[in-house]
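Take a look at the structure set out below.
The values are calculated or read from the model by the stated rules, or taken from the named source; none is laboratory data. Here the structure is a predicted model, which is why all the values come from computation and not from measurement. Every residue, glycine among them, receives a Cβ derived from its backbone with ideal geometry; neighbour counts consider all protein chains shown.
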Amino acid sequence: MDDANANLNFLFPALRVGPHPPLRGTLSRKREKEKARYFNQTVNFQKWQSLLLPLAGEGAAKRRVRAARSAGKETMSTFVFSTHAARGDLHPYLAIARELKARGHRAIIASSESYRAETQNRGLEFRAVRPDSPTGSDAQKLMHPVNGTQWLFRYWLLPALRDSIADLRAATGDADVLITHTTSLAGPIVAQIERNRGLKWASSAVSPLALLQNDAVLPALPRAADFPALNRALWELLRRQFGMHLKETQQIRAELGLSRGDNALWSDAHSPLLQLCLWDEKFAPFKPNGVRKMTGFCFLDDETALSPEIESFLSEGEAPLLVVAASFSDEWSWQVESLAAAEQLGKRTLFLGAASFSRGEEDLRAPFAPLDPILPRGAALVHQGGIGTLALGLRAGLPMLLCPHSHDQPDNARRAQKLGLARVLAPRNYRAANIAREIETLLRDDEMKGRLNQWRELPNGSENAADELERFSRI
């Protein structure tokens, strides 16, 4: 019955709920005593007091910041990055956070518990925000080409939203700026709760799809992008569908005494003050709206030493094919088909994303490892089109074969293909013979190699992003 209702809802989406007038939020310092009474009248404190009670000392911290600024002293800020995305989407935030820390600021990553070690190993602060990353069959649902995005937001992030708000509010207790990813449903809500005490909110997009413009590729119907009128109509249907499926966010906002908002994935996810676009303009130009800032791809420049197994494999023979599985993918089928294709080509292969190390005669299967020191030593790169791996491949000038599955992957792949920087193979066609044929074409395409050479040594956009955030924090 639920599936039937979902289909009906897609065909006959609910009417768009218009935005309600926002809370005025003009309580001045002279009215601090009225603030608690104001919230007591508009919020159910029995249910939400743990979220709305002010954090100890935050007022004093803000007064110290204002005093230092009025005295003309240099003031360091605290930045919190909120995301529930895949590893490739996390790394740009790690890069920006590390740049801000190098400038003397405090930077905190607020994300799924599974990223704690990866964050802290790079010397950055971490705060866990529920829910944790999906595993097992849930991870496979996440990568479904048709329902993956709906499952992520409606069945994984939305049920945990109240917990996410509580965790993120604790993480931003003394923060000056909150930076959110599209997957941070709690971020815009926490930003509105905390704006009266001075928290600034900047949204960000790590890939062009996050802007949800009408020319983007729909994961379920990638060919529709070839028909602009149809694509625009489908995007409008999808906007209404998500507005209906995520309308519980409006109820939560109302319980918190906030404006109900419009659409949690569309308008509500983008800050009205600063929107960072973390890719290169050559890859995807955007429509300016006064608050969008293009930074360029943000690279972590990971200097982590490679494992002895990977280092030994790379050093002992010709440059191998590099096959990288997505963070939440069926890596077993990728292994079987990819390694069979490499055998047909007589090529050595390094497969990243396996559960453990396993050595064959001409291949090495290994867990995920930093790509920065690996890609320059490869012959070609095969992956699913995630924006992080794609950006690193462009920077290394590697010929790429993309097999996009879900989320932003089809849009990224189409853009790379149109620019003549990669070849694309549909998931249903990811079979050894097809893979071998496409890789052989890649390795012989001198024109593509020439175009890729122009992308080598892309500048690191982390400095640009840090510059924008520093300016924003001083407004």
Give just the number: which of (1) assigned to a helix (DSSP H, G or I); (2) in contact with a Cys (Cβ under 9 Å, 6 or more places away or on another chain) does Glu311 not satisfy?
-> (2)
With the first residue restricted to the stretch 277-294 and required to be outside any loop (DSSP other than H, G, I, E, B), and the second required to be among the polar types (S, T, N, Q), Cβ contacts under 9 Å at 6 or more apart or on different chains are Cys277/Ser204; Cys277/Thr295; Arg292/Gln275; Lys293/Gln275; Lys293/Asn464; Met294/Asn464
Pick from the stretch 161-191 the residues that are under 16 Å from Leu256 (Cβ atoms) and touching a Pro at 6+ places or on another chain (Cβ under 8 Å): which of them is surrounded by the most Cβ atoms within 10 Å (Cβ to Cβ)?
-> Ser164
Here the residues within the stretch 236-280 that are of a type in the set (Gly, Ala, Ser) and either within 25 Å of Glu470 (Cα to Cα) or in contact with a Lys or Arg (Cβ under 7 Å, 6 or more places away or on another chain) (or both) are Gly243, Ala254, Ser259, Gly261, Ser267, Ala269, Ser271
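For the subset of the stretch 418-475 comprising residues that are aromatic (Phe, Trp, Tyr) and not in a helix (DSSP H, G or I), which member is farthest from Cys298 (Cα to Cα)? Steps first, answer last, please.
Pass one, the stretch 418-475, residues aromatic (Phe, Trp, Tyr): 430, 455, 472.
Keeping just the survivors that are not in a helix (DSSP H, G or I) gives 430, 455.
On the way: Tyr430: 30, Trp455: 14 Å.
Ranking the candidates gives Tyr430 first.
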Cβ-Cβ below 6 Å, separation at least six or inter-chain, first residue in the stretch 341-370 and without any contact (Cβ under 8 Å) to a residue 12 or more places away in the chain, second surrounded by 20 or more Cβ atoms within 10 Å (Cβ to Cβ): which pairs?
-> Ser358/Arg365
Determine whether Ala139 is more than 11 Å from His84 (Cβ to Cβ) and either over 18 Å from the mean Cα position of the chain (by Cα) or surrounded by fewer than 19 Cβ atoms within 10 Å (Cβ to Cβ) (or both).
-> yes
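Select, from Leu221, Leu157, Leu238, Leu211, the only residue that is assigned by TED's automatic domain parsing to the domain that holds Trp266 and touching a helix residue (DSSP H, G or I) at 6+ places or on another chain (Cβ under 7 Å). First the steps, then the outcome.
Details: Leu157 fails: touching a helix residue (DSSP H, G or I) at 6+ places or on another chain (Cβ under 7 Å); Leu238 fails: touching a helix residue (DSSP H, G or I) at 6+ places or on another chain (Cβ under 7 Å); Leu211 fails: touching a helix residue (DSSP H, G or I) at 6+ places or on another chain (Cβ under 7 Å).
From the options Leu221, Leu157, Leu238, Leu211, the qualifying one is Leu221.
Select, from Ala342, Ala354, the only residue that is outside any helix (DSSP H, G or I) and in contact with an Asp or Glu (Cβ under 7 Å, 6 or more places away or on another chain). Even if it seems obvious, please write down each step before you answer.
Working: Ala342 fails: outside any helix (DSSP H, G or I).
Just a single option satisfies the conditions, and that option is Ala354.
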